[in-house]
Amino acid sequence: MGNVGAKEIPQLLSADGRRIDGRRLDELRSITMKVGPLTRADGSAFVEWGENKVMAAVYGPREVHPRHLMQTSKAIIQCRYNMAAFSVDERKRPGQDRRSQEISKVITEAFESVVFTEEFPKTSIDVYIEVLQANAGTRCAGLVAASLALADAGIPMADLVSAVAVGKVAGRIALDLKKEEDNFGEADLPMALVPQSGRLVLIQMEGHMNRDELRQALDLGTKGCREIYERMREALRAKYDTPGRAEPAGVPA
Ligand code: UDP
């Protein structure tokens with residue numbers, strides 16, 4: 001244990017290579033995904049990922065509000081990421097702040113590259129992401145939930161978008177950081193991938209890594225995204241494989 005002022009820095013990696021919660025460096029936190037829990041939305045999904053709990057709801061394609069945002073040749077995607085005041089240890093001020101605006105923007109851009117927006121001109125596809133409980137990696141959990149909700153709403157897409165954060169913890173590259181690792185680690189790199197094409201649609205980084213570490217982080221993150229992707233497909237199958245239920249148009253084959 002080290003000390004910074006009054007704050008104790010936890011030991012992030014044990015001598016036998018285990019992390020603060022016992023995981024190996026390349027291990028994801030436990031994840032459960034439920035597709036379609038909200039009956040009033042056109043599509044929805046609830047994701048529990050470690051201690052994160054995130055709900056996503058999709059409406060549309062529907063009329064554009066405000067109207068001046070309407071585009072004649074395609075649908076617009078409007079994502080709103082919101083972190084509930086009770087989702088974190090220290091109460092967060094309710095409402096949109098710069099962080100949530102930034103996250104909403106990068107998630108919107110990630111989806112713009114997979115959704116076939118030109119099929120629905122003059123409409124809006126509205127995506128709401130509500131973080132009910134947060135423990136690092138909420139933009140990735142939100143993206144995964146929103147991706148499932150878009151598929152559940154039958155929105156045509158080239159593929160599902162998968163996401164995970166990688167980082168540097170006690171000098172080592174680690175998959176899927178939790179809060180202590182995010183706070184006290186050396187780097188945090190959330191990324192989102194379109195698994196079938198291998199295209200990265202979101203990448204951000206806070207902290208420092210050298211070129212080799214960055215390469216290693218991208219490889220580990222890609223592996224993690226592919227693992228999450230399989231879980232996403234299972235979650236969709238769990239809903240739509242029920243006899244008598246139609247496949248949503250948004251789910252890739
Ligand atoms: N967090 C917080 N209060 C805030 C914003 C974030 O306590 O106002 C916590 C929360 O647990 C979040 C983590 O810090 O998951 C990391 O936040 P970051 O901005 O890195 O985004 P995230 O990792 O959630 O995508």
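The values are calculated or read from the model by the stated rules, or taken from the named source; none is laboratory data. Note that this is a predicted model, so its numbers are computed, not measured. Ideal geometry is used to build each Cβ from the backbone, glycine not excepted, and the neighbour counts take in all protein chains shown. In case anyone asks, the SASA skips ligands and DNA or RNA and just uses the protein heavy atoms, side chains included. Shrake-Rupley method; radii C 1.70, N 1.55, O 1.52, S 1.80 Å.
In the range 1-136, one over the average inverse separation of all distinct C-alpha pairs is 17.7 Å, which is the Kirkwood hydrodynamic radius. Counting heavy atoms of the protein chains alone, Lys34 has an accessible area of about 120 Å² for a 1.4 Å probe. Return one quarter of the surface area of the convex hull spanned by the alpha-carbon atoms of the range 88-217, equal to its mean projected area, in nm². Over every viewing direction, the Cα hull of the range 88-217 projects on average to 9.1 nm². Of the residues Thr39, Thr123, the one with the largest accessible area comes first in the ranking Thr39, Thr123, computed with a 1.4 Å probe on protein heavy atoms. Taken about its Cα centre, the chain carries a charge dipole of roughly 340 debye when the Cβ of each Lys and Arg holds +1 and the Cβ of each Asp and Glu holds -1. Only one residue of Cys140, Gly167, Met83 has its Cα farthest out toward the positive end of the dipole of the range 61-192, where Lys and Arg carry +1 and Asp and Glu -1 on Cβ, and that residue is Met83. Of the solvent-accessible surface of the range 130-218, computed with a 1.4 Å probe and all protein chains present, 45% belongs to carbon and sulfur. For the residue pairs Lys53/Lys92; Lys34/Lys178; Lys53/Lys179; Lys92/Lys179, the C-alpha atoms sit more than 20 angstrom apart in Lys34/Lys178. The alpha carbon centroids of the range 111-158 and the range 170-202 are separated by 20 Å. The ellipsoid that matches the Cα gyration tensor of the range 94-169 has semi-axes, each √(5λ) in whole angstrom, of 23, 15, 11, with the longest given first. Each residue was assigned an accessible area with a 1.4 Å probe, and for Asp159 the value is about 0 Å². Computed from Cα atoms, the angle from the helix 211-240 axis to the main principal axis of the chain rounds to 50 degrees.
Of Val169, Val106, the residue with the largest accessible area leads and the full order is Val106, Val169 (1.4 Å probe).
Charging the Cβ of each Asp and Glu at -1 and of each Lys and Arg at +1, and nothing else, the dipole of the range 105-253 about its Cα centre rounds to 180 debye. The angle between the Cα long axis of helix 138-152 and the longest principal axis of the Cα atoms of the chain comes to about 30 degrees, rounded to the nearest 10.
Rolling a 1.4 angstrom probe over the range 1-125 with all protein chains present gives an accessible area of which 50% lies on carbon and sulfur atoms.
Rg then Dmax, both in Å and based on the Cα atoms of the chain: 18.5, 62.
Accessible surface calculations at 1.4 Å, restricted to protein heavy atoms, place the chain at 50 Å² per residue.
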